[in-house]
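S.K.: Quick one: the structure is below, questions incoming.
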Amino acid sequence: MLPTPKKYFVTAASAEGRSKLTAFDNALLKAKIGNVNLLRVSSILPPSAEYDPDLVLPPGSLVPTAYGYIISDVPGETIAAAVGVGLSKDTFGVIMEFSGKCTREEASRAIENMLKEAFETRGMELVDMKITAVEHKVEKIGCCLAAVPLWY
């Protein structure tokens, strides 16, 4: 059985690269999650998980992470990615991710609306949200990434 994560942070970054993969890797590095192995997870924040914006992840670790990203090779195109955590008073939280050809503000609004809907659907009270977003104007090959890494 896997342990339940106890900490998390939210992060977003954008970067250029000479290939789509290196643009993605460069965004991961800027987001402070480039030297770990991401295990993509869906959208539930464990109960009692603590927000730790200064969390440093050990290199090479397997890190459960909810993330969204977009890569574009269309010069001049605006891309964005956002992630948000919706918090309840006394139970689990919900994580939502978004990416698209839009502005940072549009991506943030999409996350806010998705979190509200997720809590409404579950019949839970949404007491707080932590949202981060990034936008990027593509030069050659660009990537926007937003993520919620979970840790023990």
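S.K.: Which residue, MET96, MET124, MET114, has the most motion in a Gaussian network model of the chain that connects Cα atoms within less than 10 Å?
M.R.: So, out of MET96, MET124, MET114, the one fluctuating most is MET124.
S.K.: Identify which of GLU135, GLU16, GLU120 has the largest mean-square fluctuation in a Gaussian network model of the chain, with springs joining Cα atoms closer than 10 Å.
M.R.: The residue with the greatest mean-square fluctuation here is GLU120.
S.K.: At a Cα cut-off below 26 Å, give the lysines reachable from LYS89, other chains included and same-chain residues fewer than 8 away excluded.
M.R.: Those lysines meeting the cut-off are LYS6, LYS7, LYS116, LYS130.
S.K.: Right, here's the next one. Counting only protein chains, not ligands or nucleic acids, how are LEU21, LEU126 ordered by accessible area (probe 1.4 Å), most first?
M.R.: Details: LEU21 125, LEU126 50 Å².
Listed by decreasing accessible area, they come as LEU21, LEU126.
S.K.: If amide H atoms are built 1.01 Å from N in the plane of the peptide, which residues on other chains or at least 5 residues away come under 5 Å of the amide H of SER61?
M.R.: Hits under the 5 Å cutoff: ASN37.
S.K.: State the label only: which of [x] 15.5; [y] 16.4; [z] 17.8 corresponds to Kirkwood radius over Cα pairs in Å computed from the shown model?
M.R.: [x]
S.K.: For the chain, modelled as a GNM with alpha-carbon contacts under 10 angstrom, which of GLY60, GLY17, GLY100 fluctuates the most?
M.R.: GLY60
S.K.: Something else about it: Using the Karplus curve 6.51 cos²θ - 1.76 cosθ + 1.60 with θ = phi - 60°, what ³J(HN,Hα) values do you get for each residue of the range 127-143, in whole Hz, with x for Gly and Pro?
M.R.: Listing the rounded values in order: 9, 6, 9, 10, 10, 9, 8, 9, 10, 8, 9, 5, 8, 10, 9, x, 9 Hz.
The values are calculated or read from the model by the stated rules, or taken from the named source; none is laboratory data. Note that the structure is predicted; figures quoted are calculated from it, not measured. When the accessible area is computed, the model is the full protein with side chains, heavy atoms only, and any ligands, DNA or RNA have been set aside. Shrake-Rupley method; radii C 1.70, N 1.55, O 1.52, S 1.80 Å.
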